[in-house]
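The values are calculated or read from the model by the stated rules, or taken from the named source; none is laboratory data. Values in this document were obtained by computation on a predicted structure and should not be read as measured data. All Cβ positions, glycine included, derive from the backbone under ideal geometry; neighbour counts span all protein chains shown. Remember, those area values only see protein heavy atoms, side chains included, never the ligands or the DNA or RNA. Shrake-Rupley method; radii C 1.70, N 1.55, O 1.52, S 1.80 Å.
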Amino acid sequence: MTRARNLSRLGNTNVLSVDSSNNIGINSTIPDVKLDVIGDAEISGVITATSFSGNLTGGATGLTGSPDITINNLVGVAATFSGAIDVDGHTELDDVNVSGAITATTFTGNLTGDASGTAGGLTGTPDITVRNITGVAATFTGEVTYEDVTNIDSVGIVTARGGFEIGAAGVGGTITSVGNAEFAGIVTAQSGIDCNGNATFGANGSITSAANFSLNGNALTVTGTSTVVGEFKKAGSPTIQCTDTTNSTDLQLRADATGGLVRTATNKPLLFGTNQVERLRIVADGKVVIGGNYANSSSFGRQVLIDGTLGLNNDSGSVGVGFHKGTSNTYGYIGTGAWAVNGGSADDFGVSTGSTGDLLLGTAGSERLRITANGGILLSNGILVEHCKIVSTAWSTTNDISLDDGNVFLNTANLAGTNNTIDITSTAGLNVDLATGDMTSVTLITAVNATTAYINAITIGASAVTESWVGGSAPTDGGGSGYDVYTFNIIKTAANTYVCIANQVKGS
């Protein structure tokens, strides 16, 4: 009964049909191929076909074909190909979605999407072109060539052995392997710039490896072994300016065609000091204060105030100070040697006018003495004071008179004896003190109490001198009381040669 039931099914054309071309259909009344099956077919043996069309699902092992097997879509967990994959007659794949690894001896075409993992020994002929690489690190043993890269974002360190170029040469910047860095724009370094070679700024400026250049906070330090370790240059008027914005004070160091300038740019004084103490001040109105009185410097009446001693020194020759009234012929000199007075020796000190004006001396702002241009001496009305040396040892006991003590002497001891001779001396000697044609006047005033005591001769430096006494003869007596006065006018006529005009005036 079972076989009869099965054979009856073959007679049902809806189950099995054969057309005039001998095409067999199972569950197909209109077969269009040799075997047209609508539904599932299970075959325990081998299917051999010259071609295969449709979707292959399930597991397929030992799938072979000659010459090739063409698959439109391959869906599975993993696939291993020992030879080449030929899709549509070429090796270009529109989309490959692989959850595992892809192993290929060669790869041609564009790689799109995300690529993760590692790739060892990735090579290609002629080149492998990669648009974007995102990863922790990338190592390239050969040359990396790129075009039109807008940004390179590196979290770690970029190390370039052969050079690093930013933008076009001379436009963006260039870093070469020999250590040169060239930037056309602004370079900003947050932590610092370490330069062991040369750093060039602008067209003509440079910092060489021989110098130590550091910027710490707001302090710029430049040290080196050269005589000049810092220099600012500009065609025109270069200026180094330090500004205190709180006090509105500007200090300028400037150079131009007229010379070098050190000045303040505001109405503030210019100060100079040593050991962090002010020593000299130039007030805003141009007055100069040296050594003190700085608090009142703006109001004092002198253009230059010196609190202390002013010294001028020149070991090799004469030295002096000149005073001039503009470009006129009124001027004066104070100095040593012949600097101030023509003919002065190296040890002389002189005060003179350099023109035809008179030389004035005064006290309390008033003239006291005038030396005229032709050598005349004029004394203003006032007391004329000359020093008098007072001694108390009688000249009959000690007879030497030193003109180092002056030219007027008073002896309060009574003169004794007869024929007293006075020796007139000086430390240097009158032959040194007096030039030929010079003279000096010596006045001796002595107390007397006997007419037998008198002076009748002098010597100069213990050498005898011939006196010419007023009245024609030397004294033979003296006054009996009070004081006698002797005057000696000494004129040098040659070396150690003198003319002496002597006179005696008795007091009683």
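Read through the list (1) closer than 26 Å to Thr466 by Cβ; (2) assigned to a strand (DSSP E or B); (3) open to solvent by 30 Å² or more (accessible area, probe 1.4 Å), then give the number of the only condition that Asp404 fails. It fails just one condition, (2).
Listed here are the residues, each with its yes/no results for (1) open to solvent by less than 20 Å² (accessible area, probe 1.4 Å); (2) in a strand (DSSP E or B); (3) among the hydroxyl-bearing types (Ser, Thr, Tyr).
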| position | (1), (2), (3) |
| --- | --- |
| Ile422 | yes, yes, no |
| Ala435 | no, no, no |
| Thr443 | no, yes, yes |
| Ala453 | yes, no, no |
| Gly472 | no, no, no |
| Thr476 | no, no, yes |
| Gly480 | no, no, no |
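If you filter the range 20-69 down to residues that are part of a loop (DSSP other than H, G, I, E, B), β-branched (Val, Ile, Thr) and open to solvent by less than 100 Å² (accessible area, probe 1.4 Å), you find that the one that is modelled with the lowest pLDDT is Ile69. Kindly indicate which of Leu305, Leu361 is of a type in the set (A, V, I, L, M, F, W, C), in a strand (DSSP E or B) and more than 30 Å from Ile377 (Cα to Cα). It is Leu305.
Looking only at residues of the range 467-508 that are among the polar types (S, T, N, Q) and more than 20 Å from Asp433 (Cα to Cα), we find that the one that is modelled with the lowest pLDDT is Ser508.
One residue stands out among those in the range 373-396 that are open to solvent by 100 Å² or more (accessible area, probe 1.4 Å) and in contact (Cβ under 8 Å) with a residue 12 or more places away in the chain: the one that is farthest from the chain's Cα centre (by Cα), which is Ile390. Given the condition of a type outside the set (D, E, K, R), modelled with pLDDT of 80 or more and either farther than 30 Å from Thr336 by Cβ or surrounded by 15 or more Cβ atoms within 10 Å (Cβ to Cβ) (or both), answer yes or no: does some residue in the range 299-309 qualify? Looking through the range 299-309, at least one residue is of a type outside the set (D, E, K, R), modelled with pLDDT of 80 or more and either farther than 30 Å from Thr336 by Cβ or surrounded by 15 or more Cβ atoms within 10 Å (Cβ to Cβ) (or both). From the list Gly326, Gly354, the lone residue that is touching a residue at least 24 places away in the same chain (Cβ under 8 Å) and under 28 Å from Lys287 (Cα atoms) is Gly354.
Name the residue that is modelled with the lowest pLDDT, counting only residues in the range 310-329 that are open to solvent by less than 80 Å² (accessible area, probe 1.4 Å) and assigned to a loop (DSSP other than H, G, I, E, B). Step by step, filter the range 310-329, then rank; the result is Ser328. Hey, among the residues in the range 350-372 that are among the β-branched types (Val, Ile, Thr) and under 18 Å from Ala340 (Cα atoms), which one's most open to solvent (accessible area, probe 1.4 Å)? If we take residues in the range 350-372 being among the β-branched types (Val, Ile, Thr) and under 18 Å from Ala340 (Cα atoms), then Thr356 is most open to solvent (accessible area, probe 1.4 Å). Restrict the check to the range 475-482 and report whether at least one residue is among the β-branched types (Val, Ile, Thr) and within 23 Å of Asn411 (Cβ to Cβ). Within the range 475-482, one or more residues are among the β-branched types (Val, Ile, Thr) and within 23 Å of Asn411 (Cβ to Cβ).
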